[in-house]
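What follows is one structure encoded as structure tokens, with my remarks underneath.
Derivation of every value follows stated rules applied to the coordinates shown; laboratory data play no part. In this text the structure is predicted, and so the values were computed from the model without any measurement. Every residue, glycine among them, receives a Cβ derived from its backbone with ideal geometry; neighbour counts consider all protein chains shown.
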Amino acid sequence: MHDDSDQLPVKLWGGRFTGKTSDLVDAFNASIDFDRRLYREDIAASIAHARMLAHCSIISTDDRNAIISGLETIREEIASGQFDFRVDREDIHLNIEAALTERIGDPGRRLHTGRSRNDQIATDMRLFARAACDQILVELHTIRGALISLAERETGTVIPGYTHLQRAQPILLGHHLLAYEAMFNRDSERISQTRVRINVSPLGSGALAGVAYPIDREMTANELGFDSISTNSLDAVSDRDFVVDLHSAAALAMVHISRLSEEIILWVSDEFHLATLDDAFATGSSIMPQKKNADVAELARGKSARVIGNLMQSLALLKSQPLAYNKDNQEDKESLFDTVDTLVISLRVMSAMLPTLAFDAEAGAVAAVANFALATDYADYLSKHGVPFRDAHEAVGKLVLSCEQKGQRFDELSLEELQEAHQAFQADALEIDLSTSLNSRDIPGGTGPVAVATALKAARVRLDSDELKKDEAT
Ligand code: ARG
């Protein structure tokens, strides 16, 4: 079990072993290829642990100083790509600990006093997840800003509103964009709430039962920026609920990205013809010279699938594990890294693409009133003139049918023709149009121009206040 080159045992846990680990097991067991990404977190937690051990007189201050400067050197080596990660040293914890001992000797061998890789990895993962939340919050803030700016730019642009993907009623484009801003705002809330649950320190829980040294758990928690310490060591080392939480919040955010992508794909199609993609955010076809494809939006839509898959993986990973730590949990990493990376890049590319969309306001206004999209307004007119809404609905429904048969639009009808449909129609019914339709919906949450302008201002204020909160936090 000894490594010829450095005299350190190859396995830091190798005392009770006499035989060599199979190469196949080394390869299967090792997580260093992916958990090396946690080196900053691992070193930060080790430095906090060493400081605390010295503070509690469990190690000497000389040992502490040697450990800290050794760890800082290793951090620099890793950051500059000069560190030799070894698969036979299994994971990030053992790679760093063995390298530390190679550099500083005995003090390095004291670092693992009063801790276990089980509370170590739980701590590293929480530090990673917390930083990921902060990064995601920045990206969510950016996409909300992009949606709000686009809505501000496109004041007055009208598009058809759909239900069942059938033209339903005219809406302001700004109203549509603010619907997505509302989704991403909820995502921000969810990520912030997730961050609160993440930010609890498991360090000091040991392997499973707590540690047999008079350690100061509050001290390491404070140093690492945790809000509190975990209250049950068994739960603390095996709990990956926060991983599921983050996958879940991320999956829902990806679903929102996917829905927005779908809108864009539809809008830029010839069938909808409501917007055009900028060349910077479109791709061509290798065979069809005329094509300009919305690959970016399609890929963002497609990537939501893997994040949803990662959520399922995280749930399945936990469901059969008895207390406390099991090696299964090593499988929590790649999927979480993937989820965070995928969400961040997707938010980033969507935020960059949104301002480049060119909307065809004229086409939008025409499409918004086509296909009898003002039918509800005619029914509302009758109802406001005393006709029970159900009767009004039926009369206008019949009018739609007869217009369809005659190839007429509503705005081509004379007052007499309207009155044939229902006596309650008066001359002012001829004024029903796109703007009366929109103006009539000036209620809170509605698509009326005043309501949307108010909502837009409120969204901008909320975004700016989130910015302030963020600045205060940092
Ligand atoms: N690489 C392991 C993981 O990712 C670290 C903890 C290992 N603990 C153990 N007792 N084998 O979960």
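By the gyration tensor of its Cα atoms, with a ≥ b ≥ c the square roots of the eigenvalues, what is the shape of the stretch 296-439: rounded for a/c under 1.5, prolate for a/b over b/c, or oblate? Note, shape of the stretch 296-439 comes out prolate. Reported to the nearest whole Å, the Cα centre-to-centre distance from the stretch 139-181 to the stretch 360-383 is 17. Compute the signed sum of charges (Lys and Arg +1, Asp and Glu -1) over the other residues within less than 15 Å, Cβ to Cβ, of residue 396. Charge balance in the 15 Å sphere: -4. Counted by neighbouring Cβ atoms within 10 Å, the residues 415, 468, 382, 317 run from fewest to most as 468, 415, 317, 382.
Straight-distance candidates among the lysines for linking to residue 470, with alpha-carbon spacing under 24 Å and chain neighbours fewer than 8 residues away dropped: 457. Of the residues 180, 213, 378, the one with the fewest other Cβ atoms within 10 Å heads the list, and the complete ranking is 213, 180, 378.
Per-residue 3J(HN,Hα) values for the stretch 24-40, derived from phi via the Karplus relation 6.51 cos²θ - 1.76 cosθ + 1.60 with θ = phi - 60°, read 5, 5, 3, 5, 6, 7, 5, 10, 4, 4, 10, 7, 4, 4, 8, 4, 5 Hz in sequence order (x marks Gly and Pro). If you average the sequence gap of Cα pairs under 8 Å that are 6 or more apart and divide by the length of the chain, what percent do you get for the contact order? Relative contact order, the chain: 16 percent. Where Lys and Arg each count +1 and Asp and Glu each count -1, what net charge lies around residue 292 among other residues with Cβ under 14 Å from its Cβ? Every neighbour counted, the sum reads -4.
Amide hydrogen proximity for residue 171: with H placed 1.01 Å from N in the peptide plane, the residues at 5 or more positions away or on another chain lying under 5 Å are 159, 161.
Which percent of the Cα-Cα distances in the chain go past 34 Å? That fraction is 52 percent.
Computed across the stretch 364-474, the Kirkwood hydrodynamic radius from all distinct Cα-Cα pairs reaches 16.2 Å. Other residues lying with their Cβ under 9 Å from the Cβ of residue 283 contribute a combined charge of +1, Lys and Arg counting +1, Asp and Glu -1. Across the stretch 15-125, the relative contact order, built from alpha-carbon pairs under 8 Å that are at least six residues apart, equals 37 percent. At 37 °C and 0.692 mPa s, what whole-number value in µm²/s does Stokes-Einstein give for the translational diffusion of the stretch 261-366, with Rh from the Kirkwood sum over Cα pairs? Roughly 200 µm²/s, to the nearest whole number.
Sorting the segments 28-34, 167-173 by their residues' average number of neighbouring beta-carbon atoms within 10 angstrom, most packed first, yields 167-173, 28-34.
Normalising the average separation of contacting C-alpha pairs (under 8 angstrom, six or more residues apart) by the number of residues puts the relative contact order of the stretch 154-275 at 22 percent.
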